[in-house]
Amino acid sequence: MSDGASRGPAVPDPETLHRCITTSDWWVANERRPSSAAFRHPKFSADIASMANAQQTLDRMVAGGCDARSGIVGFSAKEARALSYNPHQEPDLQFPENEAHANVYCDLPKSQMKKRAQELRTICTVVIPPTFQT
């Protein structure tokens, strides 16, 4: 389990978070939705939507080397928190100028994380669809 004491400030409940879908493994093209694999990590990056719009997030990720066919999905900080995903605004080591960056933590055992990842993907909205081929 992670030590919550060293984390940045919690992202407020009303915020929306944008997650970049950077690989075809994270996208179910025939259903036009993210795969739970995009959220099956003890820590993953997102941007706070009120601080960086989806296109800014996508442009930054592609400029940093991500696949140009990547897309963006959004989810509510409050709903994520209800699923044991805890977003915290923290520095982006790859893009230090990105003040919108948040790390989203899931401190559940791996055996429980898969189910929660499946639940988190159901609350996502597609903001910019990826263009990976099926």
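Every read-out reported here was derived from the displayed coordinates using simple, explicitly stated rules and does not represent laboratory data. Quick caveat, the model's predicted, so the values are computed rather than measured. Cβ atoms come from the backbone with ideal geometry, glycine included; neighbour counts cover every protein chain shown.
For the range 81-134, GluC sites (Glu not before Pro) meeting the loop criterion (DSSP other than H, G, I, E, B) and having at most 12 other Cβ atoms within 10 Å: Glu97. Summing charges over all other residues whose Cβ lies under 12 Å from the Cβ of Lys78, with Lys and Arg as +1 and Asp and Glu as -1, gives -2. The mean sequence separation of alpha-carbon pairs under 8 Å and at least six residues apart, normalised by the residue count of the chain, gives a relative contact order of 37 percent.
The calculated P(r) of the range 9-128, using every Cα pair and 5 Å bins from 0, goes 2, 13, 24, 25, 22, 12, 3, 0 in percent. For the range 24-93, report the % of Cα-Cα distances exceeding 14 Å. Every Cα pair in the range 24-93 considered, those over 14 Å come to 67 percent. Extending 7 Å from Cα along the Cβ direction at Val62 and again at Ser6 yields two label points whose distance is 3.5 nm. When peptides 104-114, 66-76 are ranked by their average number of other Cβ atoms within 10 Å per residue, the highest-first order is 66-76, 104-114. Among residues other than Val104 with Cβ under 9 Å from its Cβ, the summed charge is +2 (Lys and Arg +1, Asp and Glu -1).
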